[in-house]
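Novice: Right, I'll just put the structure down here and ask away after.
Read the figures in this text as sums done on the coordinates, not as results from a lab. Just so it is clear, the model here is predicted, and its values are computed rather than measured. Glycine gets a Cβ as well: all are built from the backbone with ideal geometry, and neighbour counts include every protein chain shown.
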């Protein structure tokens, strides 16, 4: 009997369990999945919690519901991966594996910046990348009467790179609706050279910040949060004052990766971009946010990866060469406020462009253009996530590799 | 877009970043630096080499990376490449500037 062990029962790990349970022979293989937490969160929903668009119940479910029968679900903390001996040390006991899938994700590390995780954390300094953070921010926003709102990215790479921008757009709508937009100054602060860093995007979307009266500060590499004086300071002593500071802290892979000596300096696992095999160990595969591949850290990416990775695990078991297939495909809705959204579809090579999706010339969704239908697509996605994505069901008409059909490549 | 530096035609994007790293030479780096009012020193070149190594190894560039690079500290990095050190140094290095997904 052989063991396939999946570490992490988030988006990537749960999808892999669902894909593999029907494909691996039950008499030869046991599939184990390890995760210490009981709750599975719909992380894209954290964007909507602060604005009272979603309730707590809409973004969380019991994780066990999504682990298929026939998979051994182990609710324990992972202590360490011993890749030399094919062992995973858990809180209580040890698992040996023939194949390991690392799906331990990424998380925020606010203590990487001086003064961020201070006495003001969750008082005037907030994140919305955790359930607790998004809820605390919701409560703060309910009481907020006006002042300087600073929306900030600490450093790249981050999970869902567009989320902070969406947050700024939704904040604009939220304060309008509350009738206090004129009392709130919104500033978007980024370490990059602009809110939009790709050619077509900055051409097509550059108008958005101005239209919404959102100020922008670029090339801001934060050195510290001066939490006593309500301002952030960068390495050339530039200061930005705030009343409410909403930041996306440094994102890092799980500490278990660091403890196991398997990661880079952000604890992401060096992974083959096209096969998703670990670069160091041939029987270790990596999916989703845990990898260091230069794709977006997003659920849609994990979904497309899962299809390639499933095929590659079967090829690996049969001693055949792996498919160099994954192309970095990502497909993301971007909220722009006032019940509109954009849709982007791109990969490692192809930057987001305008066009129609998924059908060329028909749509019904529009790429890189604001539309109400895209917004409904984003909201519908929550249902798709719980009912299709986690269960490993393909989304109709959306292939694992990005399609050029319907895209205006030369615009 | 094509620009000519030292009689060589160089492919660049709209913002003036090289799109084909194989065309990069130290001379071209020097010219690109001049456009940003930077006179290259040994320390500048040390940073440029480090950036090129990171990109070749597919490692994302960040200010944190600079801090841990052992080549330079962050204040020095700002002093050597004023006005957004990562976007300026990557241009001189002939590599893409750090980007987000949009």
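Novice: Any idea what Rg and Dmax come out to for segment A:109-251 if you just take the C-alpha atoms, in Å?
Specialist: Calculated on Cα positions, Rg and Dmax stand at 14.3, 42 Å.
Novice: Based on the Kirkwood radius over alpha-carbon pairs, what value in µm²/s does the Stokes-Einstein equation return for the translational diffusion coefficient of segment A:1-93 at 20 °C and 1.002 mPa s?
Specialist: Result for D is 146 µm²/s.
Novice: Using the reciprocal of the averaged 1/r over all distinct C-alpha pairs, how large is the Kirkwood radius of segment A:331-389 in Å? Show your work: numbers first, answer last.
Specialist: Details: mean 1/r = 0.0854 Å⁻¹.
For segment A:331-389, inverting the mean 1/r across all distinct Cα pairs yields 11.7 Å.
Novice: Can you give the average number of partner chain beta-carbon atoms within 10 Å of each beta-carbon in peptide B:61-68, as a whole number? It would help to have the intermediate numbers written out before the result.
Specialist: Values: counts 1, 9, 11, 10, 4, 2, 2, 1.
Across B:61-68, the average partner-chain Cβ count within 10 Å equals 5.
Novice: Place the peptides A:239-247, A:312-320 in order of packing, highest mean first, counting for every residue the other Cβ atoms within 10 Å and averaging per peptide. Please report the intermediate quantities before stating the final value.
Specialist: Details: A:239-247: 19.9, A:312-320: 14.9.
Ranked by mean Cβ neighbours within 10 Å, highest first: A:239-247, A:312-320.
Novice: Gain in length, residue A:238 to residue A:72, computed as 0.36 nm per residue apart minus the alpha-carbon separation, to one decimal in nm?
Specialist: 54.5 nm
Novice: Name the shape class, rounded, prolate or oblate, that the alpha-carbon gyration tensor gives for segment A:249-362, where a ≥ b ≥ c are the square roots of its eigenvalues, rounded holds for a/c under 1.5, and otherwise prolate holds if a/b is larger than b/c and oblate otherwise. Walk me through the intermediate numbers first.
Specialist: Details: a/c = 2.92, a/b = 1.45, b/c = 2.02.
Oblate shape, in that a/c is at least 1.5 and b/c is the bigger or equal ratio.
Novice: For helix B:42-56, what angle does its Cα long axis make with the longest principal axis of chain B, in degrees from 0 to 90 and rounded to 10?
Specialist: Roughly 80 degrees between the two axes.
Novice: OK, next. Could you check the spin-label model distance between residue A:1 and residue B:46? Points 7 Å from the Cα along Cα→Cβ, value in nm.
Specialist: Rounded to a tenth, the inter-label distance reads 5.9 nm.
Novice: Further question on the same structure: What translational D, rounded to a whole number of µm²/s, comes out for segment A:182-256 from Stokes-Einstein when the hydrodynamic radius is the Kirkwood one over Cα pairs, at 4 °C and 1.567 mPa s?
Specialist: Details: Rh = 14.2 Å.
Using the Kirkwood radius from Cα pairs, D works out to 91 µm²/s.
Novice: Something else about it: Would you mind telling me the antiparallel percentage of the DSSP bridges in the protein assembly as shown, rounded to 5?
Specialist: On the way: 41 of 79 bridges.
Antiparallel bridges: around 50 percent, rounded to the nearest 5.
Novice: Considering chain B, what Rg and Dmax in Å follow from its alpha-carbon atoms?
Specialist: Values for chain B (Cα only, Rg and Dmax): 13.0, 38 Å.
Novice: Same structure again: Starting with the highest mean, order A:182-189, A:299-306, B:6-13, A:87-94 by the number of other Cβ atoms within 10 Å, averaged over the residues of each peptide. Intermediate values should be presented prior to the final figure.
Specialist: On the way: A:182-189: 18.5, A:299-306: 27.0, B:6-13: 12.5, A:87-94: 14.8.
Packing proxy ranking, top to bottom: A:299-306, A:182-189, A:87-94, B:6-13.
Novice: A follow-up question, please. Cα axis of helix A:131-143 to longest principal axis of chain A: angle in degrees, 0 to 90, nearest 10?
Specialist: It works out to around 20 degrees.
Novice: Please arrange A:156, A:15, B:40 by how many other C-beta atoms lie within 10 Å of their C-beta, fewest to most.
Specialist: Working: A:156 22, A:15 28, B:40 16.
In order of increasing Cβ crowding within 10 Å: B:40, A:156, A:15.
Novice: Which ordering of A:82, A:28 is given by a fewest-first count of other beta-carbon atoms within 10 Å? Write out the running numbers ahead of the final one.
Specialist: On the way: A:82 14, A:28 10.
Final ranking by Cβ density, sparse to dense: A:28, A:82.
Novice: With a point put 7 Å past each Cα toward its Cβ, work out how far residue A:61 is from residue A:145 in nm, to one decimal.
Specialist: 4.3
Novice: Same structure, new question: With label points built 7 Å along Cα→Cβ from the Cα atoms of residue A:228 and residue A:119, find their separation and express it in nm.
Specialist: Spacing of the two 7 Å Cα→Cβ label points: 1.0 nm.
Novice: By how many nm would the segment from residue A:91 to residue A:199 grow when fully extended, if each residue of separation counts as 0.36 nm and the alpha-carbon distance is taken off? Could you put the intermediate results ahead of the total?
Specialist: Details: separation 108, 0.36 × 108 = 38.88 nm, distance 4.84 nm.
So the extension gain works out to 34.0 nm.
Novice: Against the longest principal axis of chain A, how steep is helix A:11-21, in degrees 0 to 90 to the nearest 10, with axes from Cα atoms?
Specialist: Roughly 20 degrees between the two axes.
Novice: Moving on. Which whole number gives the average, over all residues in A:296-303, of C-beta atoms from other chains lying within 10 Å of the residue C-beta? The partial results should precede the final answer.
Specialist: On the way: counts 3, 1, 1, 0, 0, 1, 0, 0.
Mean shielding count: 1.
Novice: Which length gain, in nm to one decimal place, applies between residue A:348 and residue A:80 when the Cα-Cα distance is subtracted from 0.36 nm times their residue separation? Don't jump to the answer; show the numbers that get you there.
Specialist: Working: separation 268, 0.36 × 268 = 96.48 nm, distance 3.15 nm.
Answer, rounded to one decimal: 93.3 nm.
Novice: For peptide A:193-199, how many partner chain Cβ atoms fall within 10 Å of a residue's Cβ, on average? Write out the running numbers ahead of the final one.
Specialist: Values: counts 10, 4, 2, 3, 9, 4, 4.
Average per residue, whole number: 5.
Novice: In addition: For the protein assembly as shown, what is the Kirkwood hydrodynamic radius in Å, using each pair of distinct C-alpha atoms?
Specialist: Working: mean 1/r = 0.0416 Å⁻¹.
For the protein assembly as shown, the Kirkwood estimate is 24.0 Å.
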